[in-house]
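None of the figures in this text is laboratory data; all of them are computed from the coordinates on show. Please read all numbers here as calculations on a predicted model, not as lab measurements. Cβ placement follows ideal geometry from the backbone for every residue including glycine, while neighbour counts extend to all protein chains displayed.
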2 protein chains.
Amino acid sequence: MSRERLYLFDTTLRDGAQTNGVDFTLQDKQVISGMLDALGIDYVEGGYPGANPTDSEFFSRKPDFEHARFTAFGMTRRPGRSASNDPGLAGILEAKADAICFVAKSSAYQVRVALETTNEENLASIRDSVAAAKALGREVMVDCEHFFDGYKENRDYALACAKAAYQSGARWVVLCDTNGGTMPHEIETIVGDVVKHVPGAYLGIHAHNDTEQAVANSLAAVRAGARQIQGTLNGLGERCGNANLCSLIPTLKLKQEFSDKFEIGVTTEKLATLMKVSRTLDDMLNRAPNRHAAYVGESAFVTKTGIHASAVMKDPQTYEHVLPELVGNHRKVLVSDQAGRSNVMAELDRAGIAYDKSDPRLTRLVEELKEREAAGFAYESANASFDLLARRTLGKVPEYFKVEQFDVNVEQRYNANGQRVTVALAVVKVDVDGERLISAAEGNGPVNALDVALRKDLGKYQKYIDGLKLIDYRVRILNGGTEAVTRVLIESEDETGESWTTVGVSPNIIDASFQALMDSVFYKLVKSGAQA
Amino acid sequence: MSRERLYLFDTTLRDGAQTNGVDFTLQDKQVISGMLDALGIDYVEGGYPGANPTDSEFFSRKPDFEHARFTAFGMTRRPGRSASNDPGLAGILEAKADAICFVAKSSAYQVRVALETTNEENLASIRDSVAAAKALGREVMVDCEHFFDGYKENRDYALACAKAAYQSGARWVVLCDTNGGTMPHEIETIVGDVVKHVPGAYLGIHAHNDTEQAVANSLAAVRAGARQIQGTLNGLGERCGNANLCSLIPTLKLKQEFSDKFEIGVTTEKLATLMKVSRTLDDMLNRAPNRHAAYVGESAFVTKTGIHASAVMKDPQTYEHVLPELVGNHRKVLVSDQAGRSNVMAELDRAGIAYDKSDPRLTRLVEELKEREAAGFAYESANASFDLLARRTLGKVPEYFKVEQFDVNVEQRYNANGQRVTVALAVVKVDVDGERLISAAEGNGPVNALDVALRKDLGKYQKYIDGLKLIDYRVRILNGGTEAVTRVLIESEDETGESWTTVGVSPNIIDASFQALMDSVFYKLVKSGAQA
């Protein structure tokens, strides 16, 4: 049976950037857009060129996508200006993008109150802006802002805006529930009317979560004929967020009603990376992941006790609507020690660490993991620290070297030119086979200085760690206040391109960082097969 | 026009207790059930008497409710036992409750696999259990577990279960989407069929959020005829949670389609306490509130963009689907990267900072904000740093004191007992009115040591900052790697209970932290009206 193509449009980097507390750097945008492309998203909206320096820079050259079309967002020409004499519009047209998504009002009320212009001038602005972008060979979309509210107030005018966009040659006319207050059945009824004027294959839906129904609203629009869905990773977005692609994608792929009818750019193989994609975004933004998120939440396939747990063990299908592995998640039953133990054994298998089921050290490992996780160690996010702890408890890690002492100093003062300067200096004393090696180094900050000093001279182990570098450093405070416990996650990479993450926890951020640094070096030594 | 009564059933204390990470104490249950009653919930399900000591104790006497019916949850009699010879059932029947909600399988597959009994025995168990509870004068409900999946596999058997409950005298037959995988339109279609066999006035809906559609599923069931909604506060519940009453209640009260047709027990006055109710539950459970929650989230009525902000200032209705005050929330316009001049002026108004619209320093402030935000300062999250920067640019902050130099040291070594110890020590030199004050302090970590040293002696300003304390400290690395730029956010509080947030950005985490600490102290001095 031939299936229709349904297109996914991601606006994490534009509408998602409106999220209270979210600020993307240029590098964040580069990494996230690459991740969205790899996932199989059809359109990646990168931002609003001209609105701020980050977005302008991001659109100064086109990213090297495999699949996605790089999309710039912007406003249609201003009322009373010609398209060729509007610097805002010029900025958008000049952006290095495959597609341009214009936002235009489609509510007579909004045109009057917010835009302070006439209905006809707003339609002309839509037509002119679409034409100008088409003339440059861009794929053009028009986000019809406030479409549903506008339709309810003045159906004819809302439809006129949609038709103006379509008739001027826009590839997509996106119906926006900008304020997020529309109910799913209203969406279905209204889109059902719009398809009589603009073909469904040209219609998109852009829903917000203000009544916690953005996912349902998006699916209702698809049922009524729309063929593009706009949304964000983890439902990021202004106020209550946008439609959550991490919930929509699995539903479109795994729920028969949709998977029978539609094809999307996300393959089954890519779907299995979804949980990792979701987590990577949260990690970059230093946001605590929503444990209860549909499909990709840590608790999405967790069964807590009693009757449900025993049924799940008889047949997982009894309490699971889809298989967790399909989205890269996994089943967890929180019952007893037994469950903890089988979870740990599964992890050891995954890490390729041999063990004997009857080894009492295995029980000790389970206990130790429980204690350390309760203290704040996040082994789920720190594969290399888990690996090391497991190997150590099972007696498989040599004590390659020992750090006897370290000392790190940060000084801030005014230099001879009256400039404020900050200097970080670290000294590390290491014992390698009874020989004491002392190294000192400066750094951008205390952790960088410590890192450089530690890895300056490790005697006979030096050759194993030459290619080691730190690629990310994240800090989370677990209780609040500067006196709270600090968790540090460090991501490292070596010359083979392999990367791993280690964790440290302490009231002192320097101590926590040092634990994670040490784990990283030890992990690299174990992995390289270094002998004590 | 006479409106139909729609009943709300809260299962926060039963299904919500299945949430990974949630454990209610007896006192929690007492406080929360009282809060639910005060809100106007019709049925408060308190737990499963007999399943654990807390629940048994909670049901040993009836709470003193104004409005709600106190409801006990439990299983129907076991297969192969009579109702009078099942200790589990006896425990439920003895509970001091107004109503009993039995859970019963309504899927032939589940009856076979999980219950390991026959279809007929399961029907008999429903009939016998309902009859036994009715005989004791209890209001009886039956949660038809796995109803929707069961209906899709074997419609007749699912309907037979629902009819058995209804015909034996159950007041409510609740259709459960136990695994949470059903789509809203499926719910609507299936409930539309069920009402032909059991009147809608006897039907309830119990939805889970595994596809992020529990709210939409609940409303779809109501549209099809069901008249009871089960859910939890903040959507607590196993896996991805239950239908969120904090989203459903405002929609039922404020969206005309529902408010025209239905009356619920929550009055307009009580609705205005909803945000507080939501927050109280999170506080009791020590969970971070979901800032983006529909209606009651801290960000639910926050506007960040320039264009949106200027429209919201013209007329809030342009970007708000309901008035925030109706649910006890409030409107907020954020300063950010994307903020225009109008946004900055709105923030100045809010902060009570006087300015002249034609003052060139205002333009400088807008420019400075953009530059600093591009460099990583997150003023939208740091109200006090915004306030200080604005006042400074507009020439309104005295230079109370100047830090000439600081020095912070962290040492880790082994003490005489062979224990690894980490010591942090800071020295700060401050110039107050030409007088040099030197203070030193130890701390849990370098930032804590610096904080204590800085605030140890500020001469004549000391009296203003005695009540100051740090309550949160957050770190974000902006480019990755230990050499990257670090952003620190510090939340402080004073003796009046007011709290504020400050920000610092630097390649050196200690420097960034110190900037945020300094802003916090200066903000407090400005706020206290200290004179230089």
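Given 0.36 nm per residue, what is the gain on full extension from B:E57 to B:E116 after removing their alpha carbon distance, in nm? Walk me through the numbers before you get to the answer.
Details: separation 59, 0.36 × 59 = 21.24 nm, distance 3.16 nm.
Here the segment from B:E57 to B:E116 would lengthen by 18.1 nm.
Taking the convex hull of the alpha carbon atoms in the range B:1-85, what volume per residue do you get, in Å³?
Numbers: hull volume 13.3 nm³, N = 85.
It is 156 Å³ per residue.
Residues of the range A:276-300 with backbone nitrogen within less than 19 Å of a virtual label 7 Å along the Cα-to-Cβ line of B:R287, please, listed as ranges.
A:287-300
Under 5 Å between amide hydrogens, which residues at least 5 positions from A:N444 or on another chain qualify, with H placed 1.01 Å from N in the peptide plane?
The answer is A:A449.
Enumerate the calculated ³J(HN,Hα) couplings along the range A:76-85 in order (Karplus 6.51 cos²θ - 1.76 cosθ + 1.60, θ = phi - 60°), each rounded to whole Hz, writing x wherever the residue is Gly or Pro.
5, 4, 5, x, x, 10, 8, 4, 7, 10
Let's test the formula: R0 of 25 Å, r as the Cβ-Cβ distance of A:E399 and A:L478. What FRET efficiency results, to the nearest 0.05? Write down the numbers at each step before the final one.
Working: r = 29 Å, r/R0 = 1.16.
So, using R0 = 25 Å, E works out to roughly 0.30.
Using a label point 7 Å beyond Cα on the Cα-Cβ vector, give me the inter-copy distances for B:R364 in nanometres, one decimal, shortest first.
B:R364 label point versus its equivalents elsewhere: 6.7 nm.
Given points 7 Å out from each Cα along the Cα-Cβ axis, report the A:E66 to B:A135 separation in nanometres with one decimal.
Placing both labels 7 Å beyond Cα along the Cβ direction yields 6.7 nm.
So for chain A, averaging the separation of alpha carbon pairs under 8 Å that are six or more residues apart and normalising by length, what relative contact order in percent results?
Once normalised by length, the contact order is 9 percent.
For the protein assembly as shown, give the share of DSSP beta bridges that are antiparallel, in percent and rounded to the nearest 5; count only bridges with both residues there. If you can, show how the numbers build up before the last one.
Working: 83 of 163 bridges.
Of the beta bridges lying entirely in the protein assembly as shown, close to 50 percent run antiparallel.
What net charge do the residues around A:T71 carry, taking every other residue with its C-beta under 10 Å from that of A:T71, with Lys and Arg at +1 and Asp and Glu at -1? Display every interim value, and only then the final one.
Details: positive: A:R14, A:R69, A:R138; negative: A:D10, A:D42, A:E45, A:D98, A:E139.
So the environment of A:T71 carries a net charge of -2.
Kindly provide the helix-only [θ] at 222 nm of the protein assembly as shown, computed as the sum of -39,500 (n - 2.57) over DSSP H runs of four or more divided by all residues, to the nearest 500 deg cm²/dmol?
Numbers: 38 runs with 399 residues, N = 1064.
So the helix-based figure for the protein assembly as shown works out to -11000 deg cm²/dmol.
For chain A, which span is the longest to avoid every loop-located (per DSSP) member of GluC sites (Glu not before Pro) having at most 16 other Cβ atoms inside 10 Å?
Values: sites that count: A:E66, A:E116, A:E380, A:E399, A:E495, A:E498.
For GluC sites (Glu not before Pro) (loop position, at most 16 other Cβ atoms within 10 Å), the longest site-free span of chain A is A:117-379.
Assuming 0.36 nm per residue, please report the length gained on full extension of the stretch B:A440 to B:D260 beyond their Cα-Cα distance.
Contour length minus the Cα-Cα distance gives 58.1 nm.
Could you tally the net charge around A:T251, taking each other residue with its Cβ under 15 Å from the Cβ of A:T251, Lys/Arg +1 and Asp/Glu -1? Intermediate results must be reported in sequence, preceding the final value.
Working: positive: A:R223, A:K253, A:K255, A:K261; negative: A:E257, A:D260, A:E263, A:E320, B:D177, B:E186, B:D210, B:E212.
Result for the neighbourhood of A:T251: -4.
How large is ³J(HN,Hα), in whole Hz, for each residue of the range B:344-351 in order, when computed from phi with the Karplus curve 6.51 cos²θ - 1.76 cosθ + 1.60 and θ = phi - 60°, using x for Gly and Pro?
For the range B:344-351, the Karplus curve yields 5, 5, 4, 5, 4, 4, 4, 6 Hz.
Computed from the mean reciprocal separation of all distinct C-alpha pairs, what Kirkwood hydrodynamic radius does the range A:96-224 have, in Å? Can you show the working numbers first?
Numbers: mean 1/r = 0.0694 Å⁻¹.
After inverting the pairwise mean of 1/r, the radius is 14.4 Å.
Percentage of Cα-Cα pair distances in the protein assembly as shown greater than 46 Å, rounded to whole percent? Walk me through the intermediate numbers first.
On the way: 205612 of 565516 pairs.
When every Cα pair of the protein assembly as shown is considered, 36 percent fall beyond 46 Å.
Counting C-alpha atoms alone, how compact is chain B: give Rg to one decimal and Dmax as a whole number, in angstrom.
29.7, 92
If Lys and Arg each add +1 and Asp and Glu each add -1, what is the summed charge of the other residues whose beta carbon sits under 9 Å from the beta carbon of B:Y7?
Details: positive: B:R5, B:R227; negative: B:D42.
Combined, the nearby Lys, Arg, Asp and Glu give +1.
Using a label position 7 Å from Cα in the Cα→Cβ direction, what is the ascending list of nm distances from B:E57 to the same site in the other copies?
Label-point distances to the other copies, shortest first: 5.8 nm.
Of all DSSP beta bridges in the range A:4-266, what percent run antiparallel (nearest 5)? Provide the component values of the computation, followed by the final result.
Numbers: 1 of 39 bridges.
Counting DSSP beta bridges with both partners in the range A:4-266, the antiparallel share is about 5 percent.
Using the Cα centre of the range B:188-253 as origin and beta-carbon charges of +1 (Lys, Arg) and -1 (Asp, Glu), tell me which of B:T232, B:L252, B:N209 is placed farthest towards the positive end of the dipole.
B:L252
Sort A:L136, A:L233, A:L245 so the one with the fewest other Cβ atoms within 10 Å of its own Cβ comes first.
Details: A:L136 10, A:L233 27, A:L245 31.
Starting with the residue having the fewest Cβ neighbours, the order is A:L136, A:L233, A:L245.
Filter A:K163/B:K314; B:K253/B:K469; A:K332/B:K62; B:K62/B:K261; A:K469/B:K524; B:K276/B:K304 down to the pairs with a C-alpha to C-alpha distance above 30 Å, please.
Working: A:K163/B:K314 28 Å; B:K253/B:K469 41 Å; A:K332/B:K62 36 Å; B:K62/B:K261 33 Å; A:K469/B:K524 42 Å; B:K276/B:K304 24 Å.
Beyond 30 Å: B:K253/B:K469; A:K332/B:K62; B:K62/B:K261; A:K469/B:K524.
Taking the Cα-to-Cβ direction at A:K314 and at B:Q419 and moving 7 Å from each Cα, how far apart do the two end points lie in nm?
5.3
Which value, in nm² and rounded to one decimal, describes the direction-averaged projected area of the C-alpha convex hull of the range A:4-266?
Working: hull surface 49.6 nm².
Value for the range A:4-266: 12.4 nm².
Does the range A:402-527 come out rounded, prolate or oblate by the C-alpha gyration tensor, with a ≥ b ≥ c the root eigenvalues, rounded set by a/c under 1.5 and, if not, prolate when a/b is larger than b/c and oblate if not? Mind dumping the intermediate values first?
On the way: a/c = 1.68, a/b = 1.23, b/c = 1.36.
Because a/c hits 1.5 or more and a/b fails to exceed b/c, the range A:402-527 counts as oblate.
What is the antiparallel percent of DSSP beta bridges lying wholly in chain A, to the nearest 5? Kindly include the intermediate steps, with their values, before the conclusion.
Working: 38 of 78 bridges.
Counting only bridges with both partners in chain A, antiparallel ones make up about 50 percent.
Can you list the distances in nanometres, one decimal and ascending, from the A:P199 label point to the identical position in each other copy, with the point 7 Å along Cα to Cβ?
5.1
At most 10 other C-beta atoms within 10 Å and a DSSP loop state: those are the exposed trypsin sites (Lys or Arg not before Pro) I care about. Give me the longest piece of chain A that has none.
Numbers: sites that count: A:R61, A:K196, A:K357.
Free of exposed loop sites, the longest segment is A:358-532.
Using θ = phi - 60° and the Karplus curve 6.51 cos²θ - 1.76 cosθ + 1.60, what whole-Hz ³J(HN,Hα) does each residue of the range B:180-187 get, with Gly and Pro shown as x?
Couplings: x, x, 7, 8, x, 6, 5, 4 Hz.
What whole-number distance in Å separates the alpha-carbon centres of the range A:275-290 and the range B:145-220?
So the separation of the two Cα centres works out to 35 Å.
Label 7 Å along Cα→Cβ of A:T268; the range A:219-248 residues with amide nitrogen under 20 Å?
A:248
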